[in-house]
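Asker: Following this message is one structure expressed as structure tokens.
Any read-out appearing in this document is the output of simple, stated calculations on the displayed coordinates, not a laboratory observation. What you see is a predicted model, and the numbers here were worked out from it, not measured in a lab. Don't worry about glycine lacking a Cβ; one is built from the backbone with ideal geometry, like all the others, and counts go over all protein chains shown.
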Amino acid sequence: MSGEHGAFGALLRELRLAASQTIEGLAETSGVSVRGIGDLERGRRAAPQRRTVAALADGLGLDETARERLLTAARAGRTPGYSPVGVRAFPRGIDDFVGREPELARLVALAERGSTGQPLVVAVSGPPGAGKTTLALHAARSLADRFPDGQLVLDLGGTDDEPPGPAELVLSVLRALQVADRDLAKAGPQGRLPLFRRLLAERRCLLVLDNARDEGQVRPLLPAAGAGMVLVTSRRMLTGLDSVHRLPLGELSPAEAAAFLTSLVGADRAAAEPAALADVADRCGHLPLALRVAGNWLATRTGWTVRRLADRLDAEDRRLDALAAGDVRVAAAFDLSYRQLTPAAARLFRRLALVPGPDTGAAAAARLTGRPLFDAEDALEELVETGLLGTDGDRYRLHDLLRLYARTRLAAEESPEESARARADLYRWLLENTVVAGRWFEPDHGAPPPSWQGTVDLSTAGKAREWLQAQGTHWLAALRAAAAAGDHATVVEVAEALHWFSDQWIFWGHWPEVFGTAARCAQALGDPVLEATHLNYHAWALLVCEDRPRDSLVRSAEALAVAERVADGGQQAWAHFYRGWALHRLDDHAPGADHMRRAARLFEAVGDLHGSLQARHGHAMFLAANDRSEEARAAFRHTLAFLERVSGRLAPHIADFTRIGLHSGLGRSYATSRRWPEAVDQLSTAVAICRASGNTALESRQLVNLGDALLSAGRTAEARGALTRCVSLGLDADPRRVAQARGLLARLDAG
């Protein structure tokens, strides 16, 4: 409240008490409402017009001196631009505005588009603490010149227990527009809304409706005609409003968050500890309210280093408590939204803290709450509507700080036993689905059995792969929990189901952990065949996923020893195969070739068609490595011919995986002989198979091989296209090959 408003209110209270009157008594003697007198005394209303002051003076029985004091205070409170309750022009809190450039640019573009006879309405929505009000106020200041008849900001009090109704809000705007008391009295309560709409239709005003509770609160305040603009801010998406432009807000980018903190703590202090500043921003989840609290904390504690605050925020269980400055608490902002949820949505929100990852799907939400899928979707959409949950396609994302808040509500409102049961049920469900999805890629399984009933659509291999990748963080956490609980059989079953799928997602980053854990669990089960199997899988993961051939040799040696002890020819074959491959990577070709020959004989003996194909491929690789190019190319072609003969007995993805390797080997062999057209042809075929089968990891490798060949062939433009494609493939690509592609592109750019 302003000093003038406060001065009038304080004087009115002083005079009322001196006259020994209650507010109710003064209301009766003056004709001014009890609420109106209370708002005036608390400074929540601007000083009234002269007629109202006279009525109050008469009700108090003031002498001329006291009456003049009250009138003088009222005149001081009615300076130009005065603001009744909730209405203000440009309040404090927007001078340190940072970022949001695309959003501001869009608002400017909308304002410049001009009116078509209908006011422009923009709904700004986002989670608590996203800076919706700050953006709206900053935009109002930036757009002020385009709205010469005024810029009004009206606080709708949407997070209050009893927000003001439309009649009270309309009256506030009319008073802000300097409508005289006699005109308000003439219009009466029923005529104020038409008067409000007529005035806004006649003027080019910018109206900011801040902190809206819902559509019903907003609709009466939207003018039906005119050249004005209305910015509505709300935690809710206000989906029910028609004919509005929507502007969703999320967290700031890392660069914007750092700039915002810098504006609060000072450039010198920020420059002295840039890494710590970035850590503070990360631990605030780049959420503007949290950043403001952290920045204000540092600004008022000049003896603190930025690192000290970063370390204070590092402990997740204390982070929300630490994000408090004076009477501003991040958790309090979350409380306001949480209190407005239905019981079903509040329960789901709490239990989302149990999800071991940043996002989730509707099926997992249903499992968490034990509700039907449609009910879970309704609860999820309520959380989205209220700004407590974000969306990315069909995934629902919980902000890091909101996750911590959900955890506090879970601990406060549900027992540890309830939480543990819900988590265990979710993890069991995740691992069951992982096995079903992974078996799509296992040669002896494929589609789920007809008896399987699940809430996840795993009806095709493509959908199974999408689910496994989207839920990777989740089922990995569930697998870790199973291992920690000593559920060794489940760990081994899950890892076995994922064996061939791992070739589809090579650079996920966790296969060595998955198969290493499974090998230990197999050993704990006392099953040497399973132990040898998963030791071999672990050898593969170390070799292919992390390029650690020496460590891979150690694991394949362990696998071979276990397999020989129990005379398991199949696992002996795979151990020899992985040893040969690792030695090939280490350029130790003679012993490597020997292991590959022994693998081929063993695969043939046990009738392992998949292994035989890989061993034939390995033999061709060793020929190429020993500069026996013609023999190598013949071996690659013979293996391709063999593959085509037996392809009907292979899973399609395994056949594709093998074709990629064989065409790539042929291409690289031709490149060694500087036969560029043949090299490009074979490598292009390998890339095409990768793309068609969705194997991003292998595609990144083949694109670099192709780019190299195209450069050597003088086909620079095509090479640039292949290398650019490699760089664009994202996190599933081979990081080493992406780095190679960037280096080659840099050389091309340098000329």
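Asker: Test of understanding: ordering His534, His510 by Cβ neighbours within 10 Å, fewest first, what list do you get? If you can, show how the numbers build up before the last one.
Answerer: Details: His534 29, His510 17.
Placing the least packed residue first, the sequence is His510, His534.
Asker: Using the Kirkwood formula on the Cα atoms of the stretch 618-751, what hydrodynamic radius do you get, in angstrom to one decimal?
Answerer: Details: mean 1/r = 0.0661 Å⁻¹.
It is 15.1 Å.
Asker: Please turn the phi angles of the stretch 186-197 into ³J(HN,Hα) values with the Karplus equation 6.51 cos²θ - 1.76 cosθ + 1.60 (θ = phi - 60°), one per residue in order, whole Hz, x for glycine and proline.
Answerer: My calculation for the stretch 186-197 gives 5, 5, x, x, 6, x, 5, 5, x, 5, 4, 5 Hz in order.
Asker: In nm, to one decimal, how far is the modelled label at Leu525 from the one at Arg246, with both set 7 Å along Cα→Cβ?
Answerer: 4.8 nm
Asker: If you don't mind, another one. Relative to the first principal axis of the alpha-carbon coordinates of the chain, what is the inclination of helix 461-470, with its axis defined by its Cα atoms, in degrees from 0 to 90 and to the nearest 10?
Answerer: Roughly 60 degrees, rounded to the nearest 10.
Asker: What's the longest piece of the chain with no exposed trypsin sites (Lys or Arg not before Pro), counting a site as exposed if DSSP puts it in a loop and it has at most 14 other beta carbons within 10 Å?
Answerer: Working: sites that count: Arg92, Arg301, Arg339, Arg674.
Here the longest segment lacking exposed loop sites spans 340-673.
Asker: At what distance in angstrom do the alpha carbon centres of the stretch 185-221 and the stretch 699-751 lie from each other?
Answerer: After rounding, the separation between the Cα centres reads 60 Å.
Asker: Placing +1 at every Lys and Arg Cβ and -1 at every Asp and Glu Cβ, with all other atoms neutral, what dipole size does the stretch 457-497 have around its Cα centre, in debye to the nearest 20?
Answerer: Roughly 120 debye for the stretch 457-497.
Asker: Would you mind calculating the relative contact order of the stretch 252-367 from Cα pairs under 8 angstrom and at least 6 residues apart, reporting the percent as a whole number? Write out the running numbers ahead of the final one.
Answerer: Numbers: 94 pairs, mean separation 23.8, N = 116.
Computed over the stretch 252-367, the figure is 21 percent.
Asker: Okay, moving on. Helix 50-60 sits at what angle to the longest principal axis of the chain, using alpha carbons and giving 0 to 90 degrees rounded to 10?
Answerer: Helix 50-60 and the main axis of the chain meet at about 70 degrees.
Asker: I would also like to ask the following. When only Cα pairs under 8 Å and 6 or more residues apart are kept, what is the percent relative contact order across the stretch 607-733? Don't jump to the answer; show the numbers that get you there.
Answerer: On the way: 140 pairs, mean separation 22.3, N = 127.
Computed value for the stretch 607-733: 18 percent relative contact order.
Asker: By what distance, in whole Å, do the Cα atoms of the stretch 334-414 stretch along each of the three principal axes, largest value first?
Answerer: Cα extents, longest axis first: 26, 23, 22 Å.
Asker: Another question, if that's okay. I need the shape label for the stretch 472-572. Rule: rounded when a/c is under 1.5, else prolate if a/b > b/c, else oblate, with a, b, c from the alpha carbon gyration tensor.
Answerer: Working: a/c = 1.96, a/b = 1.17, b/c = 1.68.
It is oblate, given that a/c is not under 1.5 and a/b is not larger than b/c.
Asker: Please state the shape class of the stretch 87-248: rounded when a/c is under 1.5, otherwise prolate if a/b exceeds b/c and oblate if not, all from the C-alpha gyration tensor. Could you put the intermediate results ahead of the total?
Answerer: Details: a/c = 1.61, a/b = 1.35, b/c = 1.19.
It is prolate, given that a/c is not under 1.5 and a/b is the larger ratio.
Asker: Compute the distance from the alpha-carbon center of the stretch 307-378 to that of the stretch 485-516, in whole Å.
Answerer: 30 Å
Asker: Next up: Where does each of Trp475, Trp676 land when they are ranked from fewest to most other beta-carbon atoms within 10 angstrom? Show your work: numbers first, answer last.
Answerer: On the way: Trp475 26, Trp676 17.
Going from least to most buried by this count: Trp676, Trp475.
Asker: Let me ask something else about it. Along the Cα-to-Cβ line of Gln118, 7 Å from the Cα, sits a label point; which residues in the stretch 139-171 have backbone N less than 15 Å from it?
Answerer: It comes to no residues whatsoever.
Asker: What is the distance, in nm, between label points placed 7 Å from the Cα along the Cα-to-Cβ direction at Arg42 and at Ala557?
Answerer: 8.0 nm
Asker: Could I ask something else about it? Please state the charge dipole magnitude for the chain, taken about the Cα centre, from unit charges on C-beta atoms (+1 on K and R, -1 on D and E), reported in debye and rounded to the nearest 20. Working shown, then result.
Answerer: Working: 90 positive and 93 negative charges, 324 e Å.
In debye, rounded to 20, the chain gives about 1560.
Asker: Antiparallel versus total DSSP beta bridges in the chain: what percent is that, nearest 5?
Answerer: That works out to approximately 30 percent antiparallel.
Asker: Which far-off residues, 5 or more places away or on another chain, put their amide H under 5 Å from the one on Asp149, with H placed in the peptide plane?
Answerer: Amide H to amide H, under 5 Å and 5 or more residues apart or across chains, Asp149 pairs with Arg204.
Asker: Give me the extension gain from Arg747 to Ala272: residue separation times 0.36 nm, minus the current Cα-Cα distance, reported in nm with one decimal.
Answerer: Using 0.36 nm per residue and subtracting the Cα-Cα distance, I get 167.5 nm.
Asker: So what's the angle, to the nearest 10 degrees on a 0 to 90 scale, between helix 166-176 and the longest Cα principal axis of the chain?
Answerer: Long axis of 166-176 versus the principal axis of the chain: about 70 degrees.
Asker: Provide the per-residue ³J(HN,Hα) series for the stretch 661-675, in order, calculated from phi with Karplus coefficients 6.51, -1.76, 1.60 and θ = phi - 60°, each as a whole number of Hz, with x at glycine and proline positions.
Answerer: x, 6, 5, 5, x, 4, x, 5, 5, 4, 5, 4, 8, 6, 9
Asker: Shifting gears a bit: Beyond 32 Å, what percent of the Cα pairs of the chain remain?
Answerer: Details: 187729 of 281625 pairs.
Percent of Cα pairs beyond 32 Å in the chain: 67.
Asker: Give me the distance in nm between label points sitting 7 Å out from Cα along the Cα-to-Cβ direction at Asp587 and Thr22, one decimal.
Answerer: 9.8 nm
Asker: On to the next question. When a/c is below 1.5 the answer is rounded, else prolate if a/b is larger than b/c, else oblate, so apply that to the stretch 552-641 with a ≥ b ≥ c taken from the square roots of the Cα gyration tensor eigenvalues. Mind dumping the intermediate values first?
Answerer: Values: a/c = 3.01, a/b = 1.43, b/c = 2.10.
Oblate, because a/c is 1.5 or more while a/b does not exceed b/c.
Asker: What relative contact order, as a whole-number percentage, does the chain give when Cα pairs under 8 Å and 6 or more residues apart are counted? Numbers along the way, then the final one.
Answerer: Details: 1147 pairs, mean separation 48.4, N = 751.
In percent, rounded to a whole number, it is 6.
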